[in-house]
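To start, the structure itself, in structure tokens.
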2 protein chains.
Amino acid sequence: MIKYPNGIPNQAKEKMPVKVKQASAANRGMGLESRINLSNEYYHDKNHAVITKRPTPINIVKVDYTKGARITDAYFEKQSTTDYNGVYRSRYLDFEAKSSKLKTSFPLNNIYPHQIDHLRHVLDHGGIAFFLIEFASRDEVYLLDASYIIAYFLHNERKSIPYEDIKKTGRLVPVLYHPPLDYLAVVDEMYFK
Amino acid sequence: MIKYPNGIPNQAKEKMPVKVKQASAANRGMGLESRINLSNEYYHDKNHAVITKRPTPINIVKVDYTKGARITDAYFEKQSTTDYNGVYRSRYLDFEAKSSKLKTSFPLNNIYPHQIDHLRHVLDHGGIAFFLIEFASRDEVYLLDASYIIAYFLHNERKSIPYEDIKKTGRLVPVLYHPPLDYLAVVDEMYFK
């Protein structure tokens with residue numbers, strides 16, 4: 001992670017607090033996953049929450065035990081659940097993070113039916129379920145309750161969600177230094193007030 | 001899984017319900033992990049809970065993209081958390097499953113300090129945390145609250161927990177056909193009454 005502790009050019013725009021835009025400049029270029037992982041480490045270190053990334057599932061074909069259990073043939077499997085889950089303020093949290101390169105919409109084709117099914121079940125059992133959706137070119141990340149995305153996925157003919165809808169329905173996640181993405185601040189607002 | 005719908009020899013012993021011992025005969029030989037995975041599938045299908053196994057973390061060294069992203073060099077990493085977590089009756093559940101080949105004790109050396117640390121944090125945040133400990137030669141699985149194992153791990157000089165202590169402190173998990181290990185029945189008793 002590249003940090004600019006001093007001398008950050010003030011890129012503040014109207015409606016955006018100065019602090020947020022400054023941190024954003026330092027964060028820029030860091031992938032969504034890295035920012036979430038660093039945020040989860042921060043939350044863990046501060047004893048705010050225990051949220052972990054599920055390892056990528058891999059199907060192992062061959063292991064060479066003569067080299068101390070070295071995997072010599074394997075392939076990636078589709079994640080049948082979501083990338084992240086954990087516990088926060090005694091509640092179960094489950095979410096998926098997706099980045100869109102498009103400026104005006106979020107394509108639904110990188111969400112799998114299995115993930116939708118998984119999140120529906122999580123909601124059924126009283127868990128908190130949401131998506132973090134990044135518009136990379138805008139440097140904005142929104143938190144949307146899973147129910148909204150599920151409804152879109154199941155009942156809408158469109159293959160993508162317009163940016164304006166996400167902006168209206170979702171909540172903008174604060175971009176800071178530590179944590180890089182303070183999504184639990186949004187969780188507090190949405191689920192604990 | 002081998003099923004014997006009819007004609008199961010009655011292996012019931014005193015103090016053990018007939019049903020449990022019959023199912024146990026069918027289950028015998030199935031590994032602890034397989035039995036838990038099948039139980040989790042059962043719970044999922046019946047919409048009782050969403051509990052999943054975290055994939056084994058693997059460190060990928062080399063990927064051959066000419067073969068469609070085939071992994072040609074990788075190695076296993078230690079699980080820094082636990083094997084299972086999920087949501088049940090609106091609560092966060094997190095547990096580790098371990099099998100002992102010994103008849104009279106459970107060795108503590110196959111629990112990692114990272115896992116203890118993880119489970120302490122889960123308890124701090126209001127999650128339900130426990131161990132499922134199998135005595136393979138006895139065909140018995142016990143559920144023990146994580147706090148008990150944590151205390152043993154941190155404060156006891158012994159390198160193992162005697163079977164008699166586990167039997168006294170833990171609760172025997174019913175061995176059935178479907179699910180093979182009904183550990184949520186024990187969770188109901190311990191955490192929801």
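The values are calculated or read from the model by the stated rules, or taken from the named source; none is laboratory data. Please read these numbers as outputs of a predicted model, since none were measured by experiment. Reconstructed Cβ throughout: ideal geometry from the backbone, glycine too, with neighbour counts over all protein chains shown. Just so you know, the surface numbers come from the protein's heavy atoms only, side chains and all, with ligands and any DNA or RNA stripped out. Shrake-Rupley method; radii C 1.70, N 1.55, O 1.52, S 1.80 Å.
Across peptide B:59-65, what mean number of C-beta atoms from other chains lies inside 10 Å of a residue's C-beta?
Details: counts 2, 5, 2, 1, 3, 1, 0.
Taking the mean over all residues of the peptide, I get 2.
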Treating the beta-carbon of each Lys and Arg as +1 and of each Asp and Glu as -1, no other charges, what is the dipole magnitude of the stretch B:68-171 about its Cα centre, to the nearest 20 debye?
-> 240 debye
Highest to lowest packing among A:71-77, B:174-180, scored as the average C-beta count within 10 Å = B:174-180, A:71-77
Could you work out the local net charge near A:ILE60, counting Lys and Arg as +1, Asp and Glu as -1, over the other residues with Cβ closer than 14 Å to its Cβ?
-> -2
Read phi for every residue in the stretch B:88-103 and hand back ³J(HN,Hα) as whole Hz from Karplus 6.51 cos²θ - 1.76 cosθ + 1.60, θ = phi - 60°, with x for Gly and Pro.
-> 8, 6, 6, 9, 7, 10, 8, 8, 10, 10, 9, 10, 10, 7, 6, 8
Residues whose built amide H sits under 5 Å from the amide H of A:ARG54, excluding neighbours closer than 5 in sequence, are A:TYR84, A:ASN85
Whole-number percent relative contact order across the stretch A:89-190, with pairs defined as alpha carbons under 8 Å at least 6 apart | 28 percent
Residue-averaged beta-carbon neighbours from other chains (10 angstrom radius) around A:66-75 | 5
Note on the stretch A:93-193: C-alpha Rg/Rh, Kirkwood Rh, two decimals, gives 0.95
How large is ³J(HN,Hα) for each residue in the stretch B:48-60, as worked out from phi by the Karplus curve 6.51 cos²θ - 1.76 cosθ + 1.60 (θ = phi - 60°), to whole Hz, x for Gly and Pro?
-> 8, 6, 10, 10, 10, 8, 6, x, 5, x, 10, 8, 8
Would you mind listing the distances between the A:SER99 label point and the same position in each other copy? Use 7 Å along Cα-to-C-beta, nm, one decimal, shortest first.
-> 4.1
May I ask you to evaluate 6.51 cos²θ - 1.76 cosθ + 1.60, the Karplus curve with θ = phi - 60°, for each residue of the stretch B:144-154 and list the ³J(HN,Hα) values in order in whole Hz, giving x for glycine and proline?
-> 10, 4, 4, 4, 5, 5, 4, 4, 4, 5, 8
Per residue, how much accessible area does the stretch A:57-193 show when a 1.4 Å probe rolls over the protein heavy atoms, in square angstrom?
-> 46 Å²
Whole-angstrom gap from the stretch A:144-193 to the stretch A:65-142, using each part's C-alpha centre | 13 Å
Could you sort B:122-134, B:150-162, A:90-102 so that the peptide with the highest average Cβ count within 10 Å comes first and the rest follow in order?
-> B:122-134, A:90-102, B:150-162
Note: probe point = Cα of A:ASP139 + 7 Å toward Cβ; backbone nitrogen < 19 Å; residues of the stretch A:172-193 passing the test are A:172-183
Along Cα→Cβ at 7 Å, what distances in nm separate the A:LYS78 label point from those on the other copies, shortest first?
-> 3.5
Sorting from shortest, the nanometre distances separating the label point of B:PRO162 (7 Å past Cα along the line to Cβ) from those of the same residue in the other copies are 7.2
